[in-house]
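Enquirer: Input: one structure, supplied below.
The values are calculated or read from the model by the stated rules, or taken from the named source; none is laboratory data. Owing to the predicted nature of the structure, the values given are computational and were not obtained by experimental measurement. Neighbour counts run over all protein chains shown; Cβ positions are idealised from the backbone, glycine included. Surface areas here come from the heavy atoms of the whole protein model, side chains and all, with no ligands, DNA or RNA. Shrake-Rupley method; radii C 1.70, N 1.55, O 1.52, S 1.80 Å.
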Amino acid sequence: MYVLFEEAGKFMAGRVMSEAEASAQVELDSGKRVKVKAAQILLKFDKPAPAALLAEAGELAQTIELDLAWEFAPEEEFGFADLAADYFSANTTPVQQAAALLRLFEAPHYFRRAGKGRFRKAPAEIVQQALAAIEKKKQIQAQIEAWSQELIHGQCPPPVREQLYKILFRPDKNAPEYKAVVEASKASQKAPLDLLQQAGAIDSPWDFHWQRFLFEWFPKGTGFPQLQAPAITDELPLAEVQAFSIDDSHTTEIDDALSLQGLGSGTVTVGIHIAAPGLAVQPGSAIDQVGRQRLSTVYMPGYKITMLPDAVVQNYTLSEGQACPAVSLYVTFSEADLEIQKTETRLERVPIVVNLRHDQLDDRITREWLEGEDNTDHADVPVSRATLGFFWRLAQTLKARREVVRGKPETFNRPDYSFKLDRASNDTPPTGEETVLIGVRQRGAPLDLMVAEAMILANSTWGQWLAQLGVPGIYRSQASLAPGVKVRMGTKALPHAGIGVPSYAWSTSPLRRYTDLVNQWQIIACARHGATAALAAPFKPKDAELFSVISAFDAAYSGYNAVQSGMERYWTLRHLQQQGITELDATLVKEAAGGAWLVRAETLPLVFSVMGAQGLPRGTKVRVRLGDIDLMALDVSGTVIAQLDAQASGVEAEGEEDDTESAGPLQIAVDLNETSPSAS
């Protein structure tokens, strides 16, 4: 005797070797014996053989018309043998009964299981809904196959083009557009980016990277709503200083300026003056909402997307020739040893004499000129050599003191690179075809250092002041300089080991960074209310809003920096193409898998992968022959053709940021190893 039974959702058949009340020993065609519970046995039969029964029943089951079987089925619960008798004849064979069982089991939209071999037919409306869903699934699958064929033959279906960046970077992997790209990539054996570019979905590599950025961070576009900048209504006193700012020529959001009083008197007062949008823009206002949504200005070669509209910025920027509202920090020093004697914060109007542009002055305002070794009379520099010389001396002193706290000097051996696109205006996004000029500025150039140290002084001083008055702020801190210890943002005034200060609250760029605007509101409350500022400040201790701002800013700032790095990498690769550069000198940075090394170019901001450096130590300088440049994937590789130095130059200087993550091809979210839609 044979039995048909169900095991883990599958039907199996075999010969009964022994039988008890509650179970039976059954031998399968493979010779394996299994114990089958009585409740699992659905059909007992003498012929045909188990394998033949399953094969014949499987074929016969496909001939059973489900609509007709549903009509035959009774309204009440029934067994598969009952349906077989109604559908075939009263004297059904084991094959017919098994066929009915298989057909019922595979049609849950027509028949619902009600127990061992028992079923109940689904209501008519449920059947219709299920059939409609099945038909829709067939149509979707047909659409996937049609779109896939179009892509393979070099045509991009409009729905795929419309969903392009979602498909590549934030896909719904059940969407037909995504599945069509996967199927076409598999069938054509082409990488998704190559497939889509050849199908015309991507207009150009530059447009691809630009549109990807907009998709990720500005899905509604980069335009601003109509906003009216509120006027600063405070009656602010006029400061008795002559202040100047130092920025590059493209800066329109002039946040900070410097002034100096008392030079030569033995006691000098340095003024650090910060634009004061916080005196007019209030938390929760329309302008605040825009700033909070964007969180920072986004920079990239040849273009920027400001945090606030230019019309708003111009109401608060520190423009030359005007007395501009500012939050001023005055720090009084002993002129002899530059020890700090006192600090004071004021809300006032500050006369801005001139907006200096360092890219126009770096070649003249040098260390030698500031220290008197170069006596050239730069009459066109509108700030006296004595004033700039003092700020240079002060900057070096402040830096040296921070380095004592850090426990080691700041050593930045790599230069800063500047990107200039050859075009008439930077008011619109680039096209990607412009000629790019990459310039070099050594880090720590005098004008840079003057501004940097003044801003560190202000951010540290104000951070400590907020903490002393019990007013929360947004701080950046770093517990130590140990490897892997990262800079974190929080609301507590903790030390920043990397900078070498007891606390650090970004406060000096309120037109460009939202955290600085938040901190400015808190600083203004301190300036107005002193010891009772905690009661008047917009944000209170443990305010959930502050933590929300920190979380959002952290994500956006990291994302914007990644965008800037990616765009700079694009223009660096374009520079290689435009200048016909086929070989570069580079330094080995990090060993990678498969015998590859990451190297850093000596004269360009470029980290990339090379082969042929096996056996060489980190820090070795090599000559590299470049391979093909892929602007879509932002990738280039190379081969070492010569070693340039006899021994490695050693580990890179401490303090250099790790930019090796930008090396290698662009990562997309299309997974070609997933199950195909037709198989799912």
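Enquirer: Could you list all residues from the stretch 189-232 that are farther than 21 Å from Ser565 by Cα, in a helix (DSSP H, G or I), open to solvent by 30 Å² or more (accessible area, probe 1.4 Å) and not acidic (Asp, Glu)?
Expert: The answer is Gln197, Gln198.
Enquirer: Just name the residue that is surrounded by the most Cβ atoms within 10 Å (Cβ to Cβ) out of those in the stretch 571-624 that are of a type in the set (Val, Ile, Thr) and in a loop (DSSP other than H, G, I, E, B).
Expert: Thr620
Enquirer: Let me ask you something else. Scan the stretch 1-33 residue by residue and report those that are surrounded by 15 or more Cβ atoms within 10 Å (Cβ to Cβ) and within 60 Å of the chain's Cα centre (by Cα).
Expert: Once the filter is applied, which keeps residues that are surrounded by 15 or more Cβ atoms within 10 Å (Cβ to Cβ) and within 60 Å of the chain's Cα centre (by Cα), the stretch 1-33 yields Leu4, Phe5, Glu6, Phe11, Met12, Ala13, Gly14, Val26, Glu27.
Residue-by-condition table, conditions (1) of a type outside the set (S, T, N, Q); (2) closer than 21 Å to Leu347 by Cβ; (3) open to solvent by 10 Å² or more (accessible area, probe 1.4 Å):
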residue	(1), (2), (3)
His496	yes, no, yes
Asp516	yes, yes, no
Ala527	yes, yes, yes
Ala536	yes, yes, yes
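Enquirer: Return the residue satisfying two criteria in turn: it lies in the stretch 286-310 and is in contact with a Ser or Thr (Cβ under 7 Å, 6 or more places away or on another chain) and not β-branched (Val, Ile, Thr), and of such residues it is least open to solvent (accessible area, probe 1.4 Å).
Expert: Met307
Enquirer: Another one. For the subset of the stretch 311-335 comprising residues that are of a type in the set (A, V, I, L, M) and modelled with pLDDT under 95, which member is most open to solvent (accessible area, probe 1.4 Å)?
Expert: Checked the stretch 311-335; the qualifying residue most open to solvent (accessible area, probe 1.4 Å) is Ala311.
Enquirer: Of all residues in the stretch 447-464, count the ones that are closer than 13 Å to Thr345 by Cβ and either at pLDDT below 95 or not in a helix (DSSP H, G or I) (or both).
Expert: 0
Enquirer: If you check Arg357, Arg385, Arg402, which single one turns out to be crowded, with 16+ Cβ neighbours inside 10 Å and free of Cβ contacts under 8 Å to residues at least 24 places away in the same chain?
Expert: Step by step, each of Arg357, Arg385, Arg402 is checked, and only Arg385 is crowded, with 16+ Cβ neighbours inside 10 Å and free of Cβ contacts under 8 Å to residues at least 24 places away in the same chain.
Enquirer: Scan the stretch 236-247 and tell me whether some residue there is open to solvent by less than 70 Å² (accessible area, probe 1.4 Å), in a helix (DSSP H, G or I) and either at pLDDT 95 or above or of a type in the set (A, V, I, L, M) (or both).
Expert: no
Enquirer: For the stretch 94-123, which positions are out of contact with any helix residue (DSSP H, G or I) (no Cβ under 9 Å at 6 or more places or on another chain) and either under 24 Å from Ala49 (Cβ atoms) or of a type outside the set (Lys, Arg) (or both)?
Expert: Passing the criteria: Ala114, Gly115, Pro123.
Enquirer: Taking the residues in the stretch 252-285 that are part of a loop (DSSP other than H, G, I, E, B) and crowded, with 19+ Cβ neighbours inside 10 Å as candidates, determine which candidate is modelled with the lowest pLDDT.
Expert: It comes out as Glu253.
Enquirer: Here's a follow-up. Restricting attention to the stretch 439-483, which residues are aliphatic (A, V, I, L, M), farther than 30 Å from Phe539 by Cα and open to solvent by less than 30 Å² (accessible area, probe 1.4 Å)?
Expert: Ala445, Leu447, Leu449, Met450
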